[in-house]
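Asker: Quick one: structure below, then a few questions.
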Amino acid sequence: MTEPAPAAAPWERVYLAPLAGYTDLPFRRACRAQGCRYAFTALVDAGALAYRNPHNEAILRRGEEEVWLGTQLLGADPELIVRAARLLNERQFEVVDFNLGCPVRKVTQRGAGAALGLDRERALRCVAALVATSVHPVTAKIRVLDERNPAPTVALARGLAECGVRAIAVHGRVVERIYAGPVACPVIAAVREAVPVPVIANGGIFARGDAEELARLTGCRWLMVARGAIGNPWIFRELADPAAPRPGNEEICAAVREHVEGMIPLYGERNALRNARKIILAYLVGRGYPRELRARVTSLATRAEFLDLWQQIREQGPSPHFNPDQDHGTQRFLALE
């Protein structure tokens, strides 16, 4: 007797979010190996791009095998946004996303990111300038502006749609919460019902059950995975197939090595290993690997040091007493009745 086919997932698309400091080409390749199709580069600053900061080359690098790739632009000055958009016009992207949600202080204190999302008139001027200049379709990523009252977020989303954005990703937490607390699903649902463009629900997806709950509570058919993919590209495999096995030690080690080795030609050895420390730790934390091995990651400076540690991680593996099913019971989604 054959096993019944699993029920169809309640979503049509799952995007890898633009994550500053993370979603470069090696990161995306790790996720694409597990089934990720739709992905974004990390955000690029409009001013840095307009003045041709060389660091943007690593951010914007696209692999020949990437069939769908968006980039994300950050800024609050329409003139710089136009200059940056003209440079992005010379590159191949499926969409250019505009950031209205970054909560990092160094971004918000200059009026960009989530701070710009709070200034609707200025935000719409910036988006209108981008839409008028870009040869690529423009989307936007915002945060909810009030956890309990959908009206401010809906007003911003409607304005964005009127400016010509093709889709809106909504992170379901107010800026004060950064990435903590439950996702305000009713506000995302209200946005979805109010605008004529697709709405992408974002926030709190760390496992398939989270994605199912977010889709159910928001009614969104497009979802976005952000921090849940850091150190866990296998989340895309799990989202595609609920019966997919967890990665074992050999698979984890293979992914870590390929990821880090891919960073070296992109950044140079020392910069790559410095950037890779948080990447390696993300793969190891929460999977039962000994603390003493994880502690050594923080001082890695060369490929030789990395390979030495990698071999020890591969040989030692996680503790046999580790329980991968431990659930700490955090509330991830807010559903108002």
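Values in this text are rule-based calculations from the coordinates and carry no lab data. In this text, all values refer to a predicted model and were calculated from it rather than measured experimentally. Cβ: placed from backbone, ideal geometry, glycine included. Neighbour counts: every protein chain shown.
Asker: Between residue 15 and residues 5 or more places away or on another chain, which pairs have amide H atoms under 5 Å apart, with H built 1.01 Å from N, and which residues are they?
Answerer: HN-HN under 5 Å from residue 15: 223, 224, 225.
Asker: Take 224, 263 and order them by how many other Cβ atoms sit within 10 Å, fewest up front.
Answerer: On the way: 224 25, 263 22.
Fewest-to-most ranking of 224, 263: 263, 224.
Asker: Also, I was wondering about something else. Please work out the C-alpha center-to-center distance from the stretch 242-268 to the stretch 89-146 and express it in whole Å.
Answerer: 32
Asker: Report, to two decimal places, the Cα Rg of the stretch 249-316 normalised by 2.2 N^0.38 Å (N = number of residues). Don't skip to the end; give the middle numbers.
Answerer: On the way: Rg = 10.8 Å, N = 68, 2.2 N^0.38 = 10.9 Å.
Ratio of Cα Rg to 2.2 N^0.38 Å: 0.99.
Asker: Based on alpha-carbon positions alone, could you give the equivalent ellipsoid semi-axes of the stretch 185-337 from the gyration tensor, as √(5λ), descending, whole Å? All intermediate terms of the calculation are to be shown ahead of the outcome.
Answerer: Numbers: eigenvalues 242, 70, 32 Å².
Each semi-axis is √(5λ); the values are 35, 19, 13 Å.
Asker: Oh, and also: Quick one: pull the percentage of alpha-carbon pairs in the stretch 55-152 with a separation above 17 Å.
Answerer: On the way: 2518 of 4753 pairs.
When all Cα pairs of the stretch 55-152 are counted, 53 percent exceed 17 Å.
Asker: May I ask you to sort 241, 24 by Cβ crowding, counting other Cβ atoms within 10 Å and putting the fewest first? Mind dumping the intermediate values first?
Answerer: On the way: 241 13, 24 22.
With the fewest neighbours first, 241, 24 line up as 241, 24.
Asker: Same structure, new question: Can you give the helix-only mean residue ellipticity at 222 nm for the chain, where every DSSP H stretch with n ≥ 4 adds -39500 (n - 2.57) and the sum goes over all residues, rounded to the nearest 500 deg cm²/dmol? Numbers along the way, then the final one.
Answerer: On the way: 15 runs with 147 residues, N = 337.
After summing the helix terms and dividing by residue count, I get -12500 deg cm²/dmol.
Asker: In the calculated pair distance distribution of the stretch 167-230, what percentage of Cα-Cα distances lie above 20 Å? Please list the in-between numbers first.
Answerer: Details: 358 of 2016 pairs.
Looking at the stretch 167-230, the distances longer than 20 Å represent 18 percent of pairs.
Asker: Can you give me the P(r) profile for the stretch 226-277? Cα pairs, bins 10 angstrom wide beginning at 0, each as a whole percent.
Answerer: Each 10 Å bin holds this share of Cα pairs: 23, 43, 27, 7.
Asker: Restricting to Cα pairs below 8 Å that are 6+ residues apart, what does the relative contact order work out to for the chain? Please round to a whole percent. Could the numbers behind the result be given before it?
Answerer: Values: 599 pairs, mean separation 52.2, N = 337.
It rounds to 15 percent for the chain.
Asker: For helix 151-163, what angle does its Cα long axis make with the longest principal axis of the chain, in degrees from 0 to 90 and rounded to 10?
Answerer: 80
Asker: Just rank 136, 171, fewest to most, by other beta-carbon atoms within 10 angstrom. Intermediate results must be reported in sequence, preceding the final value.
Answerer: On the way: 136 20, 171 29.
Going from sparsest to densest Cβ surroundings: 136, 171.
Asker: Set the Förster distance to 45 Å, then compute FRET efficiency between residue 13 and residue 292 from the Cβ-Cβ distance, nearest 0.05.
Answerer: Values: r = 41 Å, r/R0 = 0.92.
Here the calculated transfer efficiency is 0.60.
Asker: Then there is this: Looking at the chain, which Cys residues are left with no other cysteine's beta carbon under 4.7 Å from theirs?
Answerer: 102, 126, 163, 185, 220, 253
Asker: Quick one: if the Förster radius is 35 Å, what FRET efficiency do residue 304 and residue 158 give, using the C-beta to C-beta distance and rounding to 0.05?
Answerer: Working: r = 56 Å, r/R0 = 1.59.
Working from the Cβ atoms, E equals 0.05.
Asker: Relative to the longest principal axis of the chain, what angle (0 to 90°, nearest 10) does the C-alpha long axis of helix 269-284 take?
Answerer: So the inclination is approximately 80 degrees.
Asker: Find the relative contact order for the stretch 46-106 and round it to a whole percent, using C-alpha pairs within less than 8 Å whose residues are 6+ positions apart. Can you show the working numbers first?
Answerer: Working: 49 pairs, mean separation 26.2, N = 61.
Relative CO of the stretch 46-106 lands at 43 percent.
Asker: Evaluate the distance, in nm, between pseudo-label points positioned 7 Å from the Cα of residue 254 and of residue 135 along their respective Cα→Cβ axes.
Answerer: Placing both labels 7 Å beyond Cα along the Cβ direction yields 4.0 nm.
Asker: Can you work out the base-10 log of I(q)/I(0) for the chain at q = 0.14 1/Å, using the Debye formula on its C-alpha atoms alone?
Answerer: Reported log10 I(q)/I(0), two decimals: -1.16.
Asker: Can you tell which of 62, 274, 291 shows the greatest fluctuation in a Gaussian network model of the chain with Cα springs below 10 Å?
Answerer: Maximum fluctuation in the GNM of the chain, among the listed residues, is at 291.
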